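Input: a single structure, listed below in structure tokens.
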Amino acid sequence: MPDKVNILLVGGGGREHAIATAIARSPRVGDLWTTHPENPGLAKLARAVDVPVSAREIYRLQQFCDHKKIGLVVVGPEEPLAEGFADKLASPTRVVFGPIAEAARLEADKAWAKQVMRSASIPTADSRMFNDFTAAKSYVETREEAPVIKAAGLAKGKGVIVAATKEEAIAALERIMVQKVFGDAGRTVVVEERLEGPEVSVLAIVDGRNILVLPPCQDHKRLGDNDTGPNTGGMGAFCPSNTLTPDVMETVEREILVPTIDAMRRDGIDYRGVLYAGLMLTPAGPKVLEFNVRFGDPECQPLMTRLKSDVVELMLATCAGKLDRIDVEWSDQPACCVVLAAKGYPDKPRAGDVISGLDQAEKLPGVSVFHAGTKRNDKGQIVTSGGRVLGVTALGVDLPDARRRAYEAADLINFDGKVMRRDIGASA
Ligand code: AMP
Ligand code: GLY
């Protein structure tokens, strides 16, 4: 790789704004390009890709990468990974950070992920797979407890129903398998034992062979304070999380991460990129709820804020299978990210509300405001344009300080119908 590398970042949410911010700090970055210039945060840091971004017309993006001499492509979200962007954009002169489609199945096909876990004896909830509604329904009826129902495919984070009763579970099966609300993503359904315990995420960077476990993060998935209300993509996150003791982290690495990568390798699948394990800390030890094949959103925001090393070096080393040759340093300061969501999130977020106070918030020491669902309107004002609007992230001398700073900044930002939790990081 030459000294300066031109980089294409695929994806347009808060996670990608955080990644772009870290990339922009790197002395290695040449030109940085974004597929989502409508995100005002990304537009400030990167140039706009001016060809269609789709799997169907991937040759347009390939030509773009050749023409602009892109040396590194970073893929943020799961859909393009599942669609094979990593396979198709790699070339003899270009590497891609993010797993190939075969490996991305770990997230894109929960039924397959369950098989991988079973074959490698990785601790996870007991489950059964169904393609037929009647069979799935009879199975649920025979169970003592209400199970968790999961569409096997990608359903934009909405495909998991933690049913309170068996009736609710059957209603979910009917929506997925009969009404087909998630389309093909619901062709296979996983019916899973409900686990109890604190929920944590462990993220690692994998270079095919070496595993670099990242500092533990904790996400807050429910919409309301004290974990009430509907599940969301995540209403805030903090890092490091003390729920995960070094002991538990060691167990997760030994019993979950290493066997997963080994199982993939046995199948001839070279896993390079982020491996994210969503875990429940049950009385019987940590068990896998899901795998993701990318950084979490919003977990990425505190992670990137705390990363002191050069993220471009880190990504290039991952692609080259040389993670063991670099040292990765994190800030001693914890980080806390508070998500500001739009009115109506997660069901029907309202778009078009004018956002004020961004400049004041960003001026506070240690604060970064990451754009997720925002855009500029005709008048040049920044308005809401998605469910999760902003991720207000702050570093602090300790977690309470990081929380205080994040909330101070979050309170300076206003828009009609702003929704945020008041307890991000409070349980720690
Ligand atoms: P997933 O997309 O698989 O992480 O599921 C979304 C959310 O549903 C998780 O973050 C958990 O809060 C919950 N969940 C998933 N699987 C289970 C399970 N087996 N037991 C209890 N809760 C679950
Ligand atoms: N924050 C959860 C996720 O990214 O899946």
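Data overview
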| item | result |
| --- | --- |
| Sulfur and carbon atoms: percent of accessible area, region 318-359 [1.4 Å] | 40 percent |
| Rounded, prolate or oblate (a/c below 1.5 giving rounded, otherwise prolate when a/b exceeds b/c) for region 288-414 by Cα gyration tensor | prolate |
| Distance between region 91-115 and region 128-179 - C-alpha centres, whole angstrom | 26 Å |
| Ellipticity estimate at 222 nm from DSSP helix runs (n ≥ 4, -39,500 (n - 2.57)) divided over the chain, nearest 500 | -8000 deg cm²/dmol |
| 12 Å beta-carbon shell around Ala113, net charge (K/R +1, D/E -1) | +1 |
| Largest to smallest accessible area among Arg194, Arg388 [probe 1.4 Å] | Arg194, Arg388 |
| Label-to-label distance, nm, for residues given as Asn210 and Ser356 (7 Å Cα→Cβ offset) | 5.1 nm |
| For a label point 7 Å along the Cα-to-beta-carbon line of Ala55, residues of region 13-44 with backbone N under 15 Å | none |
| Simple spin-label estimate for Leu364 and Arg118 in nanometres, 7 Å along Cα-Cβ | 4.9 nm |
| Dipole magnitude (debye, nearest 20) for the chain, charges at Cβ of Lys, Arg, Asp, Glu | 980 debye |
| For the chain, Cys with no neighbouring Cys Cβ under 4.7 Å | Cys65, Cys300, Cys319, Cys336, Cys337 |
| For Asp327, solvent-accessible area (1.4 Å; no DNA, RNA or ligand), Å² | 140 Å² |
| Gyration tensor over alpha-carbon atoms, the chain, equivalent ellipsoid semi-axes in Å | 31, 26, 22 |
| Of all DSSP beta bridges in the chain, antiparallel share, percent nearest 5 | 80 percent |
| Radius ratio Rg over Rh of region 189-347, counting only Cα atoms, Kirkwood formula for Rh | 0.97 |
| Å³ per residue enclosed by the Cα convex hull of region 127-199 | 80 Å³ |
| Leading residue at positive end of dipole, region 156-271 (Cβ point charges), from Gly197, Ile176, Pro240 | Ile176 |
| Selected from Cys65, Pro346, Ser309, residue furthest toward positive end of dipole (the chain; charges at beta carbon) | Cys65 |
| Residues Asn377 and Val397, FRET efficiency given R0 of 45 Å [Cβ-Cβ distance, rounded to 0.05] | 0.70 |
| Segment Glu408-Asp126, length gained on full extension (0.36 nm per residue, minus Cα span) | 97.2 nm |
| Of all accessible heavy-atom area on region 1-159, the percent that carbon and sulfur account for (1.4 Å) | 49 percent |
| Other-chain or far-sequence residues with amide H under 5 Å of Thr282's (modelled H) | Lys287 |
| Lysine pairs meeting the criterion (Cα under 24 Å, 8 or more apart or interchain), as found in region 288-428 | 12 |
| The chain, accessible area per residue, ligands and nucleic acids excluded (1.4 Å, Å²) | 42 Å² |
| Those lysines that a straight Cα-Cα span of less than 18 Å connects to Lys150, excepting residues fewer than 8 apart in one chain | Lys110, Lys114, Lys137, Lys158, Lys166, Lys180, Lys221, Lys287 |
| Region 187-243, Cα convex hull volume normalised per residue, Å³ | 161 Å³ |
| Long-range tail of P(r) for region 1-144 (Cα pairs > 19 Å, %) | 59 percent |
| Sites matching trypsin sites (Lys or Arg not before Pro) across region 60-142 that sit in DSSP coil, with at most 11 neighbouring C-beta atoms within 10 Å | none |
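The values are calculated or read from the model by the stated rules, or taken from the named source; none is laboratory data. Since this is a predicted model, take the numbers as computed values, not measurements. Every residue, glycine as well, gets a Cβ built from its backbone with ideal geometry; the counts of neighbours run over all protein chains shown. Note: areas computed on protein heavy atoms with side chains; ligands, DNA, RNA excluded. Shrake-Rupley method; radii C 1.70, N 1.55, O 1.52, S 1.80 Å.
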